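Enquirer: Got a structure for you, written out below as C-alpha cells; questions coming shortly.
Where a number appears in this text, it was derived from the coordinates with a stated rule and is not lab data. Computed from a predicted structure; not experimentally measured. Using ideal geometry, Cβ is built from the backbone for each residue, glycine included, and neighbour counts are taken over all protein chains shown.
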Amino acid sequence: MGAHRYIAFDVETPNHANDRMSAIGIAVVEGGRVTETHDFLVDPEVPFEPFNVALTGITPALVAGQPTFPELWSVLRPVFESGLLVAHNAQFDMSVLGKCLRDYGIFWKERIFYACTCQMSRRLLPQLPNHRLDTLCAHLDIGLDHHRAGSDSEACGRILLRHLEAGAEVGSYLRTYDLTRLRTLKGR
C-alpha cells in the first residue's frame, strides 16, 4: 500500500440487488490534494430498475457498449492496489465490489483494508444532523453532483482531505473487508 495515498471510490448500481455496478468513480488523494480522477460507466449485464435509473440517471442505453466489470478490472485493479481504499458508507461500496468480483469469478485477495469517511465524519463532526454525503458537502462547502460516481468519489476524497487537515488519524478508522465472505471483520 502506498504511503499516504488514498483511493476514494464510489459505485452506482442498476437495481436493488446491489451486486453489479453501472458506474464507478475514483479519486486518488495524495500529498494533500486530489491528484487524479476516473469516472467509468459500466455495463452491468443485468436489468435496471426504475428507482436506480431515477436516482443515478444511468440508463441501459447509456451503458450499452461500455466495458463490463471484468473488462474494466484490468484498469481498476492497479489503481486499487496503489493505496488505501476509502468510500462514504464504505460498507455498501465494498460489498458491491466484493459481489462483482465473486460473481464474475475474479479472485483478487481474501481481505483488504479500507476506511469510511461517513464513520470518520460521525466522530469528527458530531454536531451535524446526519452524515450523508450531500449534508457533509454542504457543511464543508464541497461541490457535489450527487449520485454521479465521479462527483461522489471526488467529494469523498475532499472530505477525507478536510479530516486529515483537521488532524484525523486514518489508522484509527481502518477496517478489514473479507472479500470471500463479503463482510467487514470485527476488530481490525
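Enquirer: Go through the residues of the stretch 46-57 one by one and say whether even a single one is surrounded by 14 or more Cβ atoms within 10 Å (Cβ to Cβ) and part of a strand (DSSP E or B).
Expert: There is no residue in the stretch 46-57 that is surrounded by 14 or more Cβ atoms within 10 Å (Cβ to Cβ) and part of a strand (DSSP E or B).
Enquirer: With Glu71, Glu36 as the choices, which residue is part of a strand (DSSP E or B) and free of Cβ contacts under 8 Å to residues at least 12 places away in the same chain? Outline the logic, then answer.
Expert: On the way: Glu71 fails: part of a strand (DSSP E or B).
Being part of a strand (DSSP E or B) and free of Cβ contacts under 8 Å to residues at least 12 places away in the same chain holds for just one of Glu71, Glu36, which is Glu36.
Enquirer: Could you tell me whether any residue of the stretch 106-126 is in a loop (DSSP other than H, G, I, E, B) and buried (at least 20 other Cβ atoms within 10 Å of the Cβ)? Talk me through it step by step, then tell me what you get.
Expert: First, the residues of the stretch 106-126 that are in a loop (DSSP other than H, G, I, E, B): 106-110, 125-126.
Then keep just the ones that are buried (at least 20 other Cβ atoms within 10 Å of the Cβ); that gives none.
No, that holds for no residue.
Enquirer: Additional query: Can you name the residue in the stretch 135-166 that is free of Cβ contacts under 8 Å to residues at least 12 places away in the same chain and part of a helix (DSSP H, G or I) and is also surrounded by the fewest Cβ atoms within 10 Å (Cβ to Cβ) among such residues? Write out each step before concluding.
Expert: Going residue by residue through the stretch 135-166, those that are free of Cβ contacts under 8 Å to residues at least 12 places away in the same chain are 135, 138, 141, 144-145.
Subset that is part of a helix (DSSP H, G or I): 135, 138.
On the way: Thr135: 14, Ala138: 12.
Across the stretch 135-166, the extreme among qualifying residues is Ala138.
Enquirer: Exactly one condition in (1) surrounded by 14 or more Cβ atoms within 10 Å (Cβ to Cβ); (2) within 17 Å of the chain's Cα centre (by Cα); (3) of a type outside the set (Ser, Thr, Tyr) is not met by Glu36; state its number.
Expert: (1)
Enquirer: Same structure again: Report, by residue number, each residue of the stretch 58-68 that is within 20 Å of Phe9 (Cβ to Cβ) and not in a loop (DSSP other than H, G, I, E, B). I'd like the intermediate steps shown before the answer.
Expert: Within the stretch 58-68, the first condition is being within 20 Å of Phe9 (Cβ to Cβ), and the residues that meet it are 58, 62-63, 66-68.
Once the filter is applied, which keeps residues that are within 20 Å of Phe9 (Cβ to Cβ) and not in a loop (DSSP other than H, G, I, E, B), the stretch 58-68 yields Leu62, Val63, Thr68.
Enquirer: Now for a separate question. Ile26 is checked against (1) assigned to a strand (DSSP E or B); (2) under 14 Å from the mean Cα position of the chain (by Cα); (3) surrounded by fewer than 23 Cβ atoms within 10 Å (Cβ to Cβ); (4) not charged (D, E, K, R) and fails just one. What number does that condition carry?
Expert: (3)
Enquirer: In the stretch 167-174, is there at least one residue being aliphatic (A, V, I, L, M), touching a strand residue (DSSP E or B) at 6+ places or on another chain (Cβ under 9 Å) and in a helix (DSSP H, G or I)? Outline the logic, then answer.
Expert: Initially, the stretch 167-174 is screened for residues aliphatic (A, V, I, L, M), giving 168, 170, 174.
Okay, now just the ones that are also touching a strand residue (DSSP E or B) at 6+ places or on another chain (Cβ under 9 Å), so 170, 174.
Filter once more, so that each one left must be in a helix (DSSP H, G or I): 170.
There is at least one residue in the stretch 167-174 that is aliphatic (A, V, I, L, M), touching a strand residue (DSSP E or B) at 6+ places or on another chain (Cβ under 9 Å) and in a helix (DSSP H, G or I).
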